[in-house]
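*Asks:* Pasting in a structure now, in structure tokens, and then I'll have a few things to ask.
The values are calculated or read from the model by the stated rules, or taken from the named source; none is laboratory data. Being a predicted model, the structure only gives us computed values, none of them experimental. All Cβ positions, glycine included, derive from the backbone under ideal geometry; neighbour counts span all protein chains shown.
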Amino acid sequence: MIEIVDLHKSFGENKVLKGINLKIDSGETIVVIGKSGCGKSVLIKHIVGLLIPDSGTVKVEDQIINELEMKDLYKLRRKFGFLFQGAALFDSMTVEENISLPLVDSANGYTNTEINSLVEKMLEMVELPGTQKLKPAELSGGMKKRVALARALITNPDYILYDEPTTGLDPIMADSIDKLIKDLTDKLNVTSIVVTHDMYSVKNVANKVAMMHDGKIYFIGSQEQLINSDDPIILQFIKRTEI
């Protein structure tokens, strides 16, 4: 379980997180929504220790992230896969090299044969078989997202964090990414945290929804409760996203 308690974070005079409280149970898929700039990405970066809170705590499996020594933080991070908003692929590397990077840089001593086999397995899982030798410039936006997801999965993580996984994709490709997220969550029994402002993704993948507003968790509940809410702030957000 992941537990976030009274989390605060400011950048200069800009107070982004103003007391976030959130529990994420093992095996569930939670979608964190909110308007652009509300602090969604800042929140998930705290979960993996990429940002240090001004105050409050982030606890993963009874370990408080912001109190860990660096070596213990690195060890805990191996339990996470992270799909960055822009895919964050290295242009000079092939698909195979991008996906295998977490294994090459690990201390687990994988052989080249084992790495090649795992890359092939991950590409099958994200429905991109046979693309190992392509470069990112040869991939569509949706393919890049899938390659980045394969890289996030290759360490067999317990948790996967998705930062705006459908941003920049056409509706058909966005739906296919949502379906892939749902299928992988069910198949691998991982805990998934999806940050998005796309209400269609909420409908497609969420077990639970948390809405951020004014630096706090404004709503938490099922997607049905969200969609049927008569709260004016929630209604305004839903209307803007044209669900």
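A quick yes/no check of all residues on (1) at pLDDT below 95; (2) surrounded by fewer than 23 Cβ atoms within 10 Å (Cβ to Cβ); (3) aliphatic (A, V, I, L, M); (4) more than 19 Å from GLU164 (Cα to Cα):
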| residue | (1), (2), (3), (4) |
| --- | --- |
| HIS197 | yes, yes, no, no |
| ILE227 | yes, yes, yes, yes |
| GLN236 | yes, yes, no, yes |
| ARG240 | yes, yes, no, no |
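*Asks:* Return the pairs, sorted by first residue and then second, in which the second residue is at pLDDT 85 or above and small (Gly, Ala, Ser), the first residue lies in region 157-180 and is surrounded by fewer than 17 Cβ atoms within 10 Å (Cβ to Cβ) and part of a loop (DSSP other than H, G, I, E, B), the beta carbons are less than 6 Å apart, and the residues are 6+ apart or on different chains.
*Replies:* GLY168/GLY141
*Asks:* Find the residue count for region 192-243, including only residues that are aliphatic (A, V, I, L, M) and not in a strand (DSSP E or B).
*Replies:* The number of residues fulfilling the criteria is 11.
*Asks:* So is GLU124 of a type in the set (D, E, K, R), touching a helix residue (DSSP H, G or I) at 6+ places or on another chain (Cβ under 7 Å) and part of a helix (DSSP H, G or I) or not?
*Replies:* no
*Asks:* Among the listed residues GLY130, GLY142, which satisfies the condition of being exposed (fewer than 14 other Cβ atoms within 10 Å of the Cβ) and free of Cβ contacts under 8 Å to residues at least 40 places away in the same chain?
*Replies:* One residue alone meets the criteria, GLY130.
*Asks:* Residues being of a type in the set (Gly, Ala, Ser), under 20 Å from PHE82 (Cα atoms) and out of contact with any helix residue (DSSP H, G or I) (no Cβ under 6 Å at 6 or more places or on another chain): count how many of those fall in region 1-55.
*Replies:* 6
*Asks:* While we're looking at this one, here's another question. One residue is enough: does region 219-235 have a residue meeting the conditions under 14 Å from LYS40 (Cβ atoms), free of Cβ contacts under 8 Å to residues at least 24 places away in the same chain and of a type outside the set (A, V, I, L, M)?
*Replies:* Within region 219-235, one or more residues are under 14 Å from LYS40 (Cβ atoms), free of Cβ contacts under 8 Å to residues at least 24 places away in the same chain and of a type outside the set (A, V, I, L, M).
*Asks:* Report whether or not GLY27 is in a loop (DSSP other than H, G, I, E, B), touching a strand residue (DSSP E or B) at 6+ places or on another chain (Cβ under 9 Å), of a type outside the set (Asp, Glu) and surrounded by 16 or more Cβ atoms within 10 Å (Cβ to Cβ).
*Replies:* no
*Asks:* Hey, any hits in region 118-126 for a residue that's surrounded by fewer than 15 Cβ atoms within 10 Å (Cβ to Cβ) and among the hydrophobic types (A, V, I, L, M, F, W, C)?
*Replies:* Checking region 118-126: not a single residue is surrounded by fewer than 15 Cβ atoms within 10 Å (Cβ to Cβ) and among the hydrophobic types (A, V, I, L, M, F, W, C).
*Asks:* When the residues of region 83-103 are filtered to those that are part of a loop (DSSP other than H, G, I, E, B) and within 9 Å of PRO136 (Cα to Cα), which remaining residue is nearest to the chain's Cα centre (by Cα)?
*Replies:* LEU89
*Asks:* What are the residue pairs meeting all of these: first residue in region 187-198, first residue in contact (Cβ under 8 Å) with a residue 60 or more places away in the chain, second residue of a type in the set (Asp, Glu), Cβ atoms under 7 Å, and 6 or more apart or on different chains?
*Replies:* VAL190/ASP158; THR191/GLU28; THR191/ASP158; VAL195/ASP163; VAL195/GLU164; THR196/GLU164
*Asks:* With the requirement that a residue be exposed (fewer than 14 other Cβ atoms within 10 Å of the Cβ) and farther than 20 Å from HIS213 by Cα, what does region 30-49 give you?
*Replies:* Across region 30-49, there are no qualifying residues.
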